[in-house]
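Here the structure comes first, spelled out in structure tokens, and everything after it is commentary.
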């Protein structure tokens, strides 16, 4: 929608207006890549005071989603009594490193199972309430993985708790959209402009992602000249899986590219992928 259209980019960070006027030698590789991406749309950057930049400022904030507190003791009691994992732990069929004891709730006749092997009693969370507990605490301010683990672990406990919290934090859409993730710094690569479409293709892997239909990864393929994108879901990230997906979803349709650009992922540096490249003369 913005490509090939003249427009001005208004920012409330005044030093950014000089980004395209400074010597590129002073920029880090990461900043060069960011400026290169922005320059594909515009280089006309103008300053606007922060107090006047109300609309953009509100859009840059992570939305606060309000959840009701899970304070219904009867719901907790019912969920614990019907939880098959808790039943297996109490019967000794499932290994459990904690010490579960029924604790009487203050000003109530209800008793709930708590893990009492720490300084404070932590509620045992049945399976159907775990994601709600995570959302209730994480969505207040969208802390990182480590902070979310500490926040939840101070009050609640369940088996494989850290693994679940890690996966849910990584799948949190507001966190992915708003947070800056630190990546390994790499120098900006120099590529000569291709003279034919589908002669130079860029490959990359996305994942692991939340499982959907058995797929956990995604192979992205983009033609450098036309920017034609393709995305293929993958069951795993093995070199053989990636090579087969590239062959049947790109080479079989667009022919052999002269050059393939990729990062230093193990799938692309494996002997299998290198053998495939030699077979096709890439």
Check the range 92-100 and report whether any residue there is assigned to a loop (DSSP other than H, G, I, E, B), at pLDDT 80 or above, more than 22 Å from residue 156 (Cβ to Cβ) and over 33 Å from the mean Cα position of the chain (by Cα). yes
Restricting the first residue to the range 127-154 and requiring it to be on the phi > 0 side of the Ramachandran plot, which pairs with a second residue that is outside any helix (DSSP H, G or I) meet a Cβ separation below 8 Å and a spacing of at least six or different chains? 142/62; 142/172; 142/179
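Can you spot a residue in the range 210-230 that is in contact with a strand residue (DSSP E or B) (Cβ under 6 Å, 6 or more places away or on another chain), outside the structural domain of residue 89 (by the TED database) and surrounded by fewer than 12 Cβ atoms within 10 Å (Cβ to Cβ)? Spell out how you get there, then give the answer.
Initial filter on the range 210-230 (in contact with a strand residue (DSSP E or B) (Cβ under 6 Å, 6 or more places away or on another chain)): 215, 217-224, 229-230.
Add one more test, that the residue is outside the structural domain of residue 89 (by the TED database), and what stays is 215, 217-224, 229-230.
If we keep only those that are surrounded by fewer than 12 Cβ atoms within 10 Å (Cβ to Cβ) too, we end up with 229.
The answer is yes, given that some residue of the range 210-230 is in contact with a strand residue (DSSP E or B) (Cβ under 6 Å, 6 or more places away or on another chain), outside the structural domain of residue 89 (by the TED database) and surrounded by fewer than 12 Cβ atoms within 10 Å (Cβ to Cβ).
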Condition set more than 20 Å from residue 166 (Cα to Cα) and touching a helix residue (DSSP H, G or I) at 6+ places or on another chain (Cβ under 6 Å), scope the range 109-136, selection surrounded by the most Cβ atoms within 10 Å (Cβ to Cβ): answer is 113
So which residues in the range 12-41 are under 28 Å from the mean Cα position of the chain (by Cα) and either part of a loop (DSSP other than H, G, I, E, B) or touching a residue at least 40 places away in the same chain (Cβ under 8 Å) (or both), if there are any at all? 12, 13, 27, 28, 29, 30, 32, 33, 36, 40, 41
So which residues in the range 101-141 are touching a strand residue (DSSP E or B) at 6+ places or on another chain (Cβ under 7 Å) and assigned to a helix (DSSP H, G or I)? 133
Please state which one of 151, 205 is farther than 25 Å from residue 127 by Cβ and at pLDDT 90 or above. 205
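Table: residues versus (1) closer than 26 Å to residue 40 by Cα; (2) at pLDDT 90 or above; (3) not in a loop (DSSP other than H, G, I, E, B).
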{"residue": "177", "(1), (2), (3)": "yes, no, yes"}
{"residue": "183", "(1), (2), (3)": "yes, no, no"}
{"residue": "186", "(1), (2), (3)": "yes, no, no"}
{"residue": "190", "(1), (2), (3)": "yes, no, no"}
{"residue": "230", "(1), (2), (3)": "yes, yes, yes"}
{"residue": "240", "(1), (2), (3)": "no, no, yes"}
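Could we say that residue 118 is modelled with pLDDT under 90 and assigned by the TED database to the domain that holds residue 169 here?
Against the criterion (modelled with pLDDT under 90 and assigned by the TED database to the domain that holds residue 169), residue 118 qualifies.
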Residue in the range 242-263 that is farthest from residue 190 (Cα to Cα), counting only those that are touching a strand residue (DSSP E or B) at 6+ places or on another chain (Cβ under 6 Å) and part of a loop (DSSP other than H, G, I, E, B): 257
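Please work out which residue is surrounded by the most Cβ atoms within 10 Å (Cβ to Cβ), limiting yourself to the range 250-269 and to residues that are within 25 Å of the chain's Cα centre (by Cα) and within 28 Å of residue 211 (Cβ to Cβ).
At the first step, the residues of the range 250-269 found to be within 25 Å of the chain's Cα centre (by Cα) are 261-269.
Keeping just the survivors that are within 28 Å of residue 211 (Cβ to Cβ) gives 262-269.
On the way: 262: 17, 263: 13, 264: 8, 265: 15, 266: 12, 267: 22, 268: 20, 269: 12.
Only one residue fits best here, namely 267.
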Can you confirm whether the range 62-78 contains a residue that is modelled with pLDDT of 85 or more, in the same structural domain as residue 147 (by the TED database) and touching a helix residue (DSSP H, G or I) at 6+ places or on another chain (Cβ under 9 Å)? yes
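The values are calculated or read from the model by the stated rules, or taken from the named source; none is laboratory data. What you see is a predicted model; the values in this text were computed from it and never measured. Neighbour counts run over all protein chains shown; Cβ positions are idealised from the backbone, glycine included.
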